1. For region 58-76: of the residues being over 17 Å from SER31 (Cα atoms) and surrounded by 14 or more Cβ atoms within 10 Å (Cβ to Cβ), which is nearest to the chain's Cα centre (by Cα)?
2. Identify all residues within region 80-94 that are at pLDDT 95 or above, surrounded by fewer than 15 Cβ atoms within 10 Å (Cβ to Cβ) and touching a Ser or Thr at 6+ places or on another chain (Cβ under 6 Å); write none if there are none.
3. State the number of residues belonging to region 104-133 that are out of contact with any Asp or Glu (no Cβ under 8 Å at 6 or more places or on another chain), of a type in the set (A, V, I, L, M, F, W, C) and within 9 Å of VAL29 (Cβ to Cβ).
4. Cβ-Cβ under 8 Å, sequence separation 6+ or interchain: first residue in region 87-99 and closer than 16 Å to SER57 by Cα and without any contact (Cβ under 8 Å) to a residue 60 or more places away in the chain, partner surrounded by fewer than 16 Cβ atoms within 10 Å (Cβ to Cβ) and of a type in the set (A, V, I, L, M). Which pairs?
5. Based on what the data block shows, is VAL97 at pLDDT 90 or above, of a type in the set (A, V, I, L, M), assigned to a strand (DSSP E or B) and surrounded by 12 or more Cβ atoms within 10 Å (Cβ to Cβ)?
6. One residue is enough: does region 45-55 have a residue meeting the conditions among the acidic types (Asp, Glu) and either in contact with a helix residue (DSSP H, G or I) (Cβ under 6 Å, 6 or more places away or on another chain) or at pLDDT below 95 (or both)?
7. Among (1) within 13 Å of the chain's Cα centre (by Cα); (2) loosely packed, with under 12 Cβ neighbours inside 10 Å, which single condition is GLU102 missing?
8. Determine the pairs where a residue that is in a helix (DSSP H, G or I), located within region 19-36, has a partner that is surrounded by 11 or more Cβ atoms within 10 Å (Cβ to Cβ) and modelled with pLDDT of 50 or more with Cβ atoms under 6 Å apart, the partner being 6 or more residues away or on another chain.
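The values are calculated or read from the model by the stated rules, or taken from the named source; none is laboratory data. Not measured: the values here are computed from a predicted model. Cβ placement follows ideal geometry from the backbone for every residue including glycine, while neighbour counts extend to all protein chains displayed.
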Amino acid sequence: MTTTNTINLEQITYPEAKAGSSRSQHGGVLSIVNASKNSKRLMFSSKVSEHLNNPESVQIGFLDTGIIVAEHLTETAESYVAKQTGKKKIVYNAELVREISEMFDLNFNGGVSLTFYEATYTEINDEPVVVIRLQSQSEEEAE
């Protein structure tokens, strides 16, 4: 049995969330996966990969508010294999995930991955680099 009721549009309330928010619209630049057993990894977006010219390996350095990623930063920096998956680059390295997680006090209690959305695409000595923000604005202001 179907009934027809009249709904008064003035009685409806609406969500405050905006359609196509900047996070979902632009996607993340880095996801860090910290699974309990296997596959701890850094997943770089296609935009990061393209800016770095799709390198086979990357070097990663630490800044106060995040990481800097490039194909080559210095002769002494460790190079991590960056595997191609679709248009993304993935670095599988449990120790690196642990070190970044500790350095930036990342909290995975709500799940096994965190995604970051802010990046600066630039160059150092004519080499493309990407600076990815891992510290939130509120954390910075608290210091």
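1. Pass one, region 58-76, residues over 17 Å from SER31 (Cα atoms): 63-64, 71-76.
Right, trim to surrounded by 14 or more Cβ atoms within 10 Å (Cβ to Cβ) and you get 71-73.
On the way: GLU71: 18, HIS72: 20, LEU73: 20 Å.
Here the residue is GLU71.
2. Hit for region 80-94 is VAL81, nothing else.
3. 3
4. Going by the 8 Å Cβ cut-off, the qualifying pairs are VAL91/VAL81; TYR92/VAL81.
5. Details: at pLDDT 90 or above: yes; of a type in the set (A, V, I, L, M): yes; assigned to a strand (DSSP E or B): no; surrounded by 12 or more Cβ atoms within 10 Å (Cβ to Cβ): yes.
In short, no.
6. Our first condition is that a residue be among the acidic types (Asp, Glu); within region 45-55, this holds for 50.
Remaining after also requiring either in contact with a helix residue (DSSP H, G or I) (Cβ under 6 Å, 6 or more places away or on another chain) or at pLDDT below 95 (or both): none.
Checking region 45-55: not a single residue is among the acidic types (Asp, Glu) and either in contact with a helix residue (DSSP H, G or I) (Cβ under 6 Å, 6 or more places away or on another chain) or at pLDDT below 95 (or both).
7. (1)
8. Here the result reads ARG23/TYR117, each pair linking region 19-36 to a residue that is surrounded by 11 or more Cβ atoms within 10 Å (Cβ to Cβ) and modelled with pLDDT of 50 or more.
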